[in-house]
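Down below is the structure, laid out as structure tokens.
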Ligand code: 5AD
Ligand code: SF4
């Protein structure tokens with residue numbers, strides 16, 4: 001356990017250990033020496049700034065990076081003043097890539113003015129050889145590039161970076177190793193994401209994730225449970241179990257274990273109040289899981305169940321391995337078994353070959369399932385995926401289809417969410433409202449947000465709130 005490794009008493013005269021995480025703790029201690037030298041020279045601690053793009057996995061990875069930065073002596077601050085700027089990138093859709101290039105362009109002048117400052121890039125985009133090539137040629141001022149498989153080596157890379165002028169690139173093609181017990185700095189004291197597995201084996205034909213995150217690897221249940229226990233002892237009341245496809249958790253373990261069974265074990269941890277998880281692939285969602293959710297006191301009444309498209313023909317081309325009818329039957333079963341559950345989804349519009357009639361099928365699914373919320377994306381062509389080689393849909397058609405889907409989502413969600421009006425439900429208070437400091441924002445078990453009068457002292461507490469006014473995807477309410 002990392003608390004038990006005393007970074008101040010590591011013998012730095014010895015060569016670095018070969019075992020992990022000991023090796024990284026050795027480099028953390030080495031980095032601390034570098035930071036002391038910085039402090040002596042500049043009379044202050046160095047400042048680091050991490051910008052995170054993309055999903056919850058990346059958010060969790062950034063917490064790991066921040067944990068190491070803080071342990072070695074960095075303070076976390078704003079980009080303009082930072083001695084070390086890090087972009088944790090996403091490549092699921094091209095617009096995230098473009099944003100990173102935009103930000104890098106802006107950083108050119110910053111680097112010219114402060115040549116001592118360092119810039120690092122990591123995350124999914126860096127697993128693409130063409131991206132590395134582009135950065136080498138167009139943004140040669142970047143100091144460090146590393147990928148998703150060797151994130152745990154961050155302390156070692158940080159150490160290697162000092163005193164170097166050339167670009168340090170360390171990207172691995174893939175690895176089975178999962179390194180446990182490195183420091184993590186949580187964004188919220190009362191809730192936390194927890195990786196239960198890494199990678200994806202599904203190869204949906206549009207998706208780049210299996211190429212950049214590698215094959216599925218599950219963490220040992222005991223490591224996960226220990227992490228949850230430790231978090232709960234540290235004040236966490238809500239956990240989010242993270243994986244690209246949590247429903248296939250545990251299949252590749254030495255002693256295979258189903259996701260439903262893992263949930264039963266997590267449920268037993270005293271002091272933990274709420275359990276969430278993301279993401280569920282419909283093809284792997286078991287009756288056992290529905291049963292566990294139904295019986296559970298702690299598993300939140302929310303299931304994110306990406307449908308992607310409503311047309312069985314398109315679903316087949318997407319390699320999703322279910323039909324429209326199978327998906328609808330599953331959604332109906334879940335709603336029947338757990339009546340107060342909120343269902344949310346992801347939808348892609350404009351997949352190659354998708355016609356206006358196909359989009360009608362998607363709209364039909366939205367109307368029938370009545371999602372509480374849906375994330376709608378325009379298809380983005382990802383180099384190297386099978387769909388990239390298929391015939392693409394003209395932009396104007398995609399735009400028109402997208403607008404229709406979005407309108408349907410908005411109107412059905414509003415109707416569905418408004419069903420909770422007048423109910424009293426428990427909300428975990430997450431923060432003071434961004435726009436109105438007299439209000440706080442809480443999350444209901446079903447993932448719907450509610451804003452109500454309160455102050456910062458409520459943050460982290462679960463309180464009863466009356467849901468007074470429905471505003472589409474969220475509520476205004478008051479404490480009861
Ligand atoms: N284009 C558009 N959306 C995509 N997603 C994944 N790949 C693509 C792509 N190439 C969406 C899917 C997935 C979500 C995380 O991102 O809907 O569920
Ligand atoms: Fe991508 Fe499909 Fe894996 Fe999700 S399940 S990460 S959409 S390949």
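The values are calculated or read from the model by the stated rules, or taken from the named source; none is laboratory data. Because the structure is predicted, anything quoted here is derived from the model rather than measured. All Cβ positions, even for glycine, are placed from backbone atoms using ideal geometry, and neighbour counts span all protein chains on display.
Take residue 289 and decide whether it is assigned to a loop (DSSP other than H, G, I, E, B), within 30 Å of residue 235 (Cβ to Cβ), modelled with pLDDT of 95 or more and in contact with a helix residue (DSSP H, G or I) (Cβ under 8 Å, 6 or more places away or on another chain).
So residue 289 does not fit the description; no.
Filter segment 322-346 down to residues that are closer than 14 Å to residue 312 by Cα, in contact (Cβ under 8 Å) with a residue 40 or more places away in the chain and touching a helix residue (DSSP H, G or I) at 6+ places or on another chain (Cβ under 7 Å) and give me whichever is farthest from ligand 2 (Cβ to nearest atom). Full working, then the answer.
From segment 322-346, those closer than 14 Å to residue 312 by Cα are 322-329; that's our starting set.
Adding the requirement that they be in contact (Cβ under 8 Å) with a residue 40 or more places away in the chain leaves 322, 324, 326-328.
When the remaining residues are screened for being touching a helix residue (DSSP H, G or I) at 6+ places or on another chain (Cβ under 7 Å), the result is 322, 324, 327-328.
Details: 322: 12, 324: 17, 327: 14, 328: 19 Å.
Ranking the qualifying residues of segment 322-346, first place goes to 328.
When you go through 372, 360, 354 one by one, which is the residue that is away from ligand 1 (no atom under 11 Å from the Cβ), at pLDDT 95 or above, out of contact with any strand residue (DSSP E or B) (no Cβ under 8 Å at 6 or more places or on another chain) and more than 18 Å from residue 205 (Cα to Cα)?
360
In this structure, does residue 254 turn out to be more than 14 Å from ligand 1 (Cβ to nearest atom), surrounded by fewer than 15 Cβ atoms within 10 Å (Cβ to Cβ), closer than 28 Å to residue 215 by Cβ and without any contact (Cβ under 8 Å) to a residue 40 or more places away in the chain?
yes
Among the residues of segment 87-100, is there at least one that is assigned to a helix (DSSP H, G or I), farther than 29 Å from residue 37 by Cα, without any contact (Cβ under 8 Å) to a residue 40 or more places away in the chain and in contact with a helix residue (DSSP H, G or I) (Cβ under 9 Å, 6 or more places away or on another chain)?
Scanning segment 87-100, I find at least one residue that is assigned to a helix (DSSP H, G or I), farther than 29 Å from residue 37 by Cα, without any contact (Cβ under 8 Å) to a residue 40 or more places away in the chain and in contact with a helix residue (DSSP H, G or I) (Cβ under 9 Å, 6 or more places away or on another chain), so the answer is yes.
Just to be sure I understand, how many residues within segment 461-480 are under 25 Å from residue 240 (Cα atoms), more than 24 Å from the chain's Cα centre (by Cα) and in a loop (DSSP other than H, G, I, E, B)?
1
Mind counting the residues in segment 208-246 that are touching a strand residue (DSSP E or B) at 6+ places or on another chain (Cβ under 7 Å), away from ligand 2 (no atom under 16 Å from the Cβ) and in contact (Cβ under 8 Å) with a residue 60 or more places away in the chain?
3
What number goes with the only condition from (1) more than 17 Å from the chain's Cα centre (by Cα); (2) part of a loop (DSSP other than H, G, I, E, B); (3) within 14 Å of ligand 2 (Cβ to nearest atom) that residue 280 does not pass?
(1)
Of the residues 20, 40, 13, which is outside any helix (DSSP H, G or I), free of Cβ contacts under 8 Å to residues at least 12 places away in the same chain and surrounded by fewer than 19 Cβ atoms within 10 Å (Cβ to Cβ)?
13
Have a look at 211, 249 and point out the one that is surrounded by 21 or more Cβ atoms within 10 Å (Cβ to Cβ) and over 18 Å from residue 59 (Cβ atoms).
Result of the check over 211, 249: 249.
One line per residue, one yes/no per condition, for (1) part of a loop (DSSP other than H, G, I, E, B); (2) in contact (Cβ under 8 Å) with a residue 24 or more places away in the chain; (3) under 25 Å from the mean Cα position of the chain (by Cα); (4) over 30 Å from residue 275 (Cβ atoms):
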residue	(1), (2), (3), (4)
109	no, no, no, yes
122	no, yes, yes, no
155	no, yes, yes, yes
159	no, yes, no, yes
178	yes, yes, yes, no
182	yes, yes, yes, no
194	no, yes, yes, no
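Does residue 224 fit the bill of being more than 26 Å from residue 70 (Cβ to Cβ), at pLDDT 95 or above and buried (at least 21 other Cβ atoms within 10 Å of the Cβ)?
Spelling it out, it is not the case that residue 224 is more than 26 Å from residue 70 (Cβ to Cβ), at pLDDT 95 or above and buried (at least 21 other Cβ atoms within 10 Å of the Cβ).
Which ones in segment 434-460 are in a loop (DSSP other than H, G, I, E, B) and surrounded by fewer than 15 Cβ atoms within 10 Å (Cβ to Cβ)?
Let us first name the residues in segment 434-460 that are in a loop (DSSP other than H, G, I, E, B), namely 434-438, 445-448, 454-455, 459-460.
Selection gives 434, 435, 436, 437, 438, 455.
Do we have any residue at all in segment 301-310 that's away from ligand 1 (no atom under 11 Å from the Cβ), touching a residue at least 24 places away in the same chain (Cβ under 8 Å), in a strand (DSSP E or B) and touching a helix residue (DSSP H, G or I) at 6+ places or on another chain (Cβ under 8 Å)?
Of the residues in segment 301-310, the ones away from ligand 1 (no atom under 11 Å from the Cβ) are 301-303, 310.
Going one step further and asking which of them are touching a residue at least 24 places away in the same chain (Cβ under 8 Å), we end up with 301-303, 310.
This time we only want the ones that are in a strand (DSSP E or B), so: 302-303.
Among the residues that remain, those that are also touching a helix residue (DSSP H, G or I) at 6+ places or on another chain (Cβ under 8 Å) are: 303.
Checked segment 301-310: at least one residue is away from ligand 1 (no atom under 11 Å from the Cβ), touching a residue at least 24 places away in the same chain (Cβ under 8 Å), in a strand (DSSP E or B) and touching a helix residue (DSSP H, G or I) at 6+ places or on another chain (Cβ under 8 Å).
Just checking, does segment 48-64 include any residue being over 16 Å from residue 151 (Cβ atoms) and in contact with a strand residue (DSSP E or B) (Cβ under 7 Å, 6 or more places away or on another chain)?
Taking segment 48-64 first, the residues over 16 Å from residue 151 (Cβ atoms) are 49.
Next, from what is left, pick out any that are in contact with a strand residue (DSSP E or B) (Cβ under 7 Å, 6 or more places away or on another chain): 49.
Yes, segment 48-64 contains at least one residue that is over 16 Å from residue 151 (Cβ atoms) and in contact with a strand residue (DSSP E or B) (Cβ under 7 Å, 6 or more places away or on another chain).
Out of the residues in segment 293-319 that are more than 16 Å from ligand 2 (Cβ to nearest atom) and within 23 Å of the chain's Cα centre (by Cα), state the one that is surrounded by the most Cβ atoms within 10 Å (Cβ to Cβ).
Among those that are more than 16 Å from ligand 2 (Cβ to nearest atom) and within 23 Å of the chain's Cα centre (by Cα), it is 299.
Does residue 415 satisfy being farther than 30 Å from residue 357 by Cα and either touching a residue at least 60 places away in the same chain (Cβ under 8 Å) or part of a helix (DSSP H, G or I) (or both)? Talk me through it step by step, then tell me what you get.
Details: farther than 30 Å from residue 357 by Cα: no; either touching a residue at least 60 places away in the same chain (Cβ under 8 Å) or part of a helix (DSSP H, G or I) (or both): yes.
Against the criterion (farther than 30 Å from residue 357 by Cα and either touching a residue at least 60 places away in the same chain (Cβ under 8 Å) or part of a helix (DSSP H, G or I) (or both)), residue 415 does not qualify.
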